[in-house]
1. List the helices (runs of 4 or more DSSP H) that sit entirely inside segment 85-198 and contain at least 3 residues that are among the β-branched types (V, I, T).
2. Within the group I223, I144, which residue is touching a strand residue (DSSP E or B) at 6+ places or on another chain (Cβ under 8 Å), surrounded by 20 or more Cβ atoms within 10 Å (Cβ to Cβ) and aliphatic (A, V, I, L, M)?
3. Which strands (runs of 3 or more DSSP E) sit wholly inside segment 330-372 and have at least 1 residues that are without any contact (Cβ under 8 Å) to a residue 24 or more places away in the chain?
4. Looking at Y288, Y298, Y362, Y311, which is the one that is under 14 Å from V391 (Cα atoms) and hydroxyl-bearing (S, T, Y)?
5. Determine if segment 372-380 includes at least one residue that is surrounded by fewer than 18 Cβ atoms within 10 Å (Cβ to Cβ), more than 26 Å from the chain's Cα centre (by Cα) and closer than 24 Å to L243 by Cα.
6. Out of segment 320-341, which residues are more than 30 Å from P244 (Cβ to Cβ) and either surrounded by 15 or more Cβ atoms within 10 Å (Cβ to Cβ) or touching a strand residue (DSSP E or B) at 6+ places or on another chain (Cβ under 6 Å) (or both)?
7. Among residues belonging to segment 183-215 that are of a type in the set (F, W, Y) and either under 21 Å from G66 (Cβ atoms) or at pLDDT 80 or above (or both), point out the one that is surrounded by the most Cβ atoms within 10 Å (Cβ to Cβ).
8. Kindly indicate the residue of segment 388-412 that is polar (S, T, N, Q) and under 14 Å from V332 (Cβ atoms) and also surrounded by the fewest Cβ atoms within 10 Å (Cβ to Cβ) among those meeting that condition.
Amino acid sequence: MSSSIKGDTIKKLENNENMAIKVKGLSKIFKLYSRPSDMLFELITGKARHSEYVALQNISFELSHGEVVGILGRNGAGKSTLLKIIAGVLDHDSGSYSVSGKVAALLELGSGFSPEYTGRENIIFGGMCLGMKKEEILAKVDSIIEFSELEDVIDQPFKTYSTGMMARLTFATAISVDAEILIIDEALSVGDALFSEKCFKWIKKIAESGVTIFFVTHSLGQIYELCSRALLLDSGKLVCDGLPRFVGHEYEALLARDRSKKAGKSLHETVLSRGKIDDAVVSQMPAYVKAITMVDTYGDVVTTMPYGEKYGVYLQICFNKDIPKAGVSFRVETPSGLVVFGDSTSLQKIELSGKAGEIKNYIFKFRNILAPGQYLVGGGVVEIFEDSFNVLHVIRGDSLLTAVGSPVNGLVNLECTFEHAM
């Protein structure tokens, strides 16, 4: 990956000085040519010899200063294209965007790094490519080397480094740029596990300092832990913009729909809901979750769960058509969207079935060992095939629960004991 930076990109924003990034109706179309000669033929004759790929289509949103916003989407959704346009390294075809503040963009780590130069020399040249003055980068060389943890090989040729070592040095150099807005394209998982954790902690620290962060990731965990907001792109369109938990749920539903399409069957599209579904939609669903609640051992609905007591996740499933093989599931998550626990009949090797017009009730039983706090419970129903499954309906965040008890270091209490070992 290489790094690029658009330094001191300051533009006046209209009407709202608190906006760090403002995007309105942004579109980008790439011309695709079968052969290089087709481009020359088109230039000379004026006759089209290309096909068009719509990378972005009428994208609009605004980011305030200090926001941490993540972008989700499958490969080819337009995420990297969007970041490159905002960073100023790629032109757009229509619409507009404006940026207020100094921007550092980590797009492809490695820009300005030569395989023949040493790591130390590459820090200097790479930093200058990132927009820093030589005196500025020289003052930061030691801290960059320390962050990269490459002190033992820093004076060796860059071409002798492993891929992970290269990524560590280029990332450490790129993040040394002082900026008000940080744009990152899938650069939070460089190097080994320990270094990735270090990079993630650094991003959290930067976010807490008030820097605006706009980044691409495939990790829902990063979205839930870092972001105050998230965007979901699909086929160049902005399909969801809101709280990370809701956008994450939409992303999961999108993946489920795409999984169904790849199964090669005529499958029903996944329905995601967070409340009552329209009757017209319900009537077209092969099966759906009519109710999901938390109940105690007497079957009564509860919203508060004292520690150590036994409870059950109750699901009521309505079948609108015959489904010879079905499965149900549930999961408990934090209000931010982090999954604490979940289970399914598939994991337990249990197959269910239902006939058109039937309403069936199921329950998952457990003992509460959750840390005190608020949680959300959701569930779903799937149709199972020999080599695949189709997610029919998913409810997310439908019931708010409060767990009470003694403080716990973490999300669950594993009921550890301590003793002196012999």
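The values are calculated or read from the model by the stated rules, or taken from the named source; none is laboratory data. Model, not experiment: these values are computed from the prediction. Here the Cβ is made from the backbone with ideal geometry for all residues, glycine too, and neighbour counts use every protein chain on show.
1. It comes to 134-148, 163-174.
2. I223
3. 339-344
4. Being under 14 Å from V391 (Cα atoms) and hydroxyl-bearing (S, T, Y) holds for just one of Y288, Y298, Y362, Y311, which is Y288.
5. Yes, segment 372-380 contains at least one residue that is surrounded by fewer than 18 Cβ atoms within 10 Å (Cβ to Cβ), more than 26 Å from the chain's Cα centre (by Cα) and closer than 24 Å to L243 by Cα.
6. Listed by number, the residues that qualify are N320, I323, P324, K325, A326.
7. Of everything passing the filter in segment 183-215, F214 is surrounded by the most Cβ atoms within 10 Å (Cβ to Cβ).
8. T402
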